[in-house]
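Right, one structure below, let's go through it.
The values are calculated or read from the model by the stated rules, or taken from the named source; none is laboratory data. Please read all numbers here as calculations on a predicted model, not as lab measurements. We place every Cβ from the backbone using ideal geometry, glycine too, and count neighbours over all the protein chains shown.
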């Protein structure tokens, strides 16, 4: 199974864009083939997050709790809940907007992703990259610039397409872009307010 | 935000760029991975390469958990400099604070505004990092939230680009203006870059972490800089203990701030281990220290305990410091009388009823004359002295002396009965405006309640601030301007000097001729036939020439002293010596012009010194000839006394309060009258000469408007050029 692609946003951070229906989480060490690796004291494969329609279901392979309640069986995650793995590793699951099934998974405890990530995005059918609180990928504009636009990703049959809303000077691979464009790995997207690149994980 | 390099590029051998992190004043910063997988930050130096590289090289081998580690300095194929640094995954304190004050930004993780128990452990780490730098002899010089990074509970100071070694002998060696305006210590404008500027910046940062806003803000850089120079931060919303720490950090005088980070940490309830790690202060600390280690009482049930602790510690502090709480002992009152200084007595006089009445009356008179713009108490004092001199001249010296003596005794008694401990706390009476020198304020640091500012409080762009004492503001402004004036080259100084000489000479000449007309109209110079004669013209010539010489003398000394700290005793002595020479010239001039002072004076009045009567010459007869007119010694004594008694250089000082003051002229004439009363120098000529000199000196001397923020503009221009 291919690893999640990494979205590198200049001045903001890096995000694992998890596109598959199942996302595995485990310990980061060489050779461990999990989708999301955490540098911490957890199992090789601690749990799996499955997309079920508009929700995400979690299935644990080691002791886990959600908001302090031990996880006994596969459970649907709700926005804002805290997952605790092996008593020490804490993750927050967030659905910034009810209009999209896409969710964000952030490390809350003093641990790190491998490679360095700001968060993991569990992609639904769309994803918003912007400065507002309903964005899946929070992307504040450079200091001194007022920006209320956004990049909207939406899934199509043959892949992901991006549409820039109020993104001045938008270019994709040095070509000015006015209409939605297909997202490809290695393509550098730039504008006056944000620039990003999607790479293989 | 556009970066030069994108993901996957390899501008520097051995590293692959992943993404841009930020763009600072010196260049772009990237997150990159080495070929072996090491995560690093690469800083590409675009501007001031030499300055930055030099600063970084000094810090290359520093190791401290609260400093962003610098691994290496590398050059690419184009000889472009790159700094290889530790990559910090978290955000900068700047971003955190901005997010914390943005209600749309979502949950705040760790360091909520206004919660000292959360903020102080983080802030203590920043102090630890700064202290380590200072211990290594390095001043950061650009401490600000944007240069502080929060990484999973660790605070790290970064951006050593502007760091410089502390140089005890050349603290003012730098010419570039550095730092960020909101966090810039006031002495940076003078080119001083001691470690105190970092302490100052930390005070600003702590204030901002607690309240979400900076203490000195404004719509322009000039406004901000002027507030740094002249305004006190409004600390009323902060707990006493923290307000004390911030006030001490933000003292205008660098010597009044914390000497080092350890002292500051101690006051915040932390200490530094030998290895440089910060930890909460153990219980063996001083009793009066506030519990700032995160255990601030927050519940109502803790209030009684807190109050008891306050009272106990307060008593301890009083005993330790020897300061009674509500009243002062007799010995302290007497001591206060002699130690509070002129400003203190001036302030006490404002409350003394008789002085108030006299002052009020003088104000009324002044307003009646239409000069109500200035309400400075100096003018009142000048008017008081003027009345005293008039009384003295009119022969009422005994009465006046009795009145003043009685008032002095009354005031002393009144002072002893009314001075309080509260008065001694007033910062305007002490050189140190920080509460540190204030034992009674120190006791207020015992225990502090939970901060009154709550998370989510939005930043107030117009944070309130109150002015410091006028004296302090004026002193600082003057020091800044003197620095600027001292930077002039020789030719510029000489140009200003010659300009003043020429101008003052012309004015003195014109004023003397005008004085001659006045004299004629009053019959002082009329001969027996009522018209001008050659002797009268000679007297006018004497008046004009002596006024010019006096003006030139004053202007010359003033130009020389305008960049120096005023030393009244030394300056008066120099002026007195110059007065002796002027007196000799005056005598020779009188002889040369054959001025018959006796006939001229007889035409006006049979003036005699009132303080010594007609037998005045018993012990002063060496100064006069048989006709009771001054001889060489008399001339020299008069001019020496006149030059000594008036601080003339102030009237020519480019940094004087007002360009032209009629009071200065009146004062000069009154002082000349006072001297004349002793030496019986030909009057009113000596009064006119003093007045003419004062007039010429003031008009001809350059003047820098105190309301014009030249320093701020200069610093601003330098900053802009630097950017």
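A few remarks follow.
- As a summary of the residue check, residue A:24 satisfies the conditions (1) touching a residue at least 40 places away in the same chain (Cβ under 8 Å); (2) within 25 Å of residue A:183 (Cβ to Cβ); (3) crowded, with 20+ Cβ neighbours inside 10 Å except for the one numbered (1).
- Yes/no for residue B:94 being closer than 27 Å to residue B:140 by Cα and either away from chain A (no Cβ under 13 Å) or assigned to a loop (DSSP other than H, G, I, E, B) (or both): no
- Meets criteria (in a loop (DSSP other than H, G, I, E, B) and either at pLDDT 85 or above or within 39 Å of the chain's Cα centre (by Cα) (or both)) for residue B:565: yes
- Which listed residue, of A:82, A:38, is closer than 30 Å to residue B:95 by Cα and either away from chain B (no Cβ under 13 Å) or surrounded by 15 or more Cβ atoms within 10 Å (Cβ to Cβ) (or both): A:38
- Output for segment A:186-201, where each listed residue is within 10 Å of chain B (Cβ to nearest Cβ) and exposed (fewer than 15 other Cβ atoms within 10 Å of the Cβ): A:186
- Test: residue in segment B:647-654 that is surrounded by fewer than 21 Cβ atoms within 10 Å (Cβ to Cβ), modelled with pLDDT of 90 or more and in contact with a helix residue (DSSP H, G or I) (Cβ under 9 Å, 6 or more places away or on another chain): yes
- Output for segment B:12-25, where each listed residue is more than 9 Å from chain A (Cβ to nearest Cβ) and closer than 22 Å to residue B:51 by Cα: B:12, B:24, B:25
- Looking across segment B:70-87, just one residue is outside any loop (DSSP other than H, G, I, E, B) and either within 14 Å of chain A (Cβ to nearest Cβ) or on the phi > 0 side of the Ramachandran plot (or both), and that is B:86.
Residue by residue, here is whether (1) in contact with a strand residue (DSSP E or B) (Cβ under 8 Å, 6 or more places away or on another chain); (2) closer than 29 Å to residue A:34 by Cβ holds:
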| residue | (1), (2) |
| --- | --- |
| A:137 | yes, yes |
| A:153 | yes, yes |
| A:162 | yes, yes |
| A:170 | yes, no |
| A:175 | no, no |
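- Filtered by the rule that a residue be more than 9 Å from chain B (Cβ to nearest Cβ) and closer than 17 Å to residue A:166 by Cβ, segment A:132-143 gives A:134, A:135, A:137, A:139.
- Scan of segment A:159-171 for residues that are surrounded by 12 or more Cβ atoms within 10 Å (Cβ to Cβ) and within 12 Å of another protein chain (Cβ to nearest Cβ), ordered by number: A:169, A:170, A:171
- Among all positions in segment B:274-295, there is no residue which is over 30 Å from residue B:63 (Cα atoms), at pLDDT below 85 and either within 21 Å of the chain's Cα centre (by Cα) or assigned to a helix (DSSP H, G or I) (or both).
- Qualifying residue in segment B:59-68 (condition: farther than 30 Å from residue B:210 by Cβ, buried (at least 20 other Cβ atoms within 10 Å of the Cβ), in contact (Cβ under 8 Å) with a residue 40 or more places away in the chain and more than 14 Å from chain A (Cβ to nearest Cβ)): no
- Residue in segment B:222-237 that is in contact (Cβ under 8 Å) with a residue 40 or more places away in the chain, touching a helix residue (DSSP H, G or I) at 6+ places or on another chain (Cβ under 7 Å) and under 25 Å from residue B:66 (Cβ atoms) present: no
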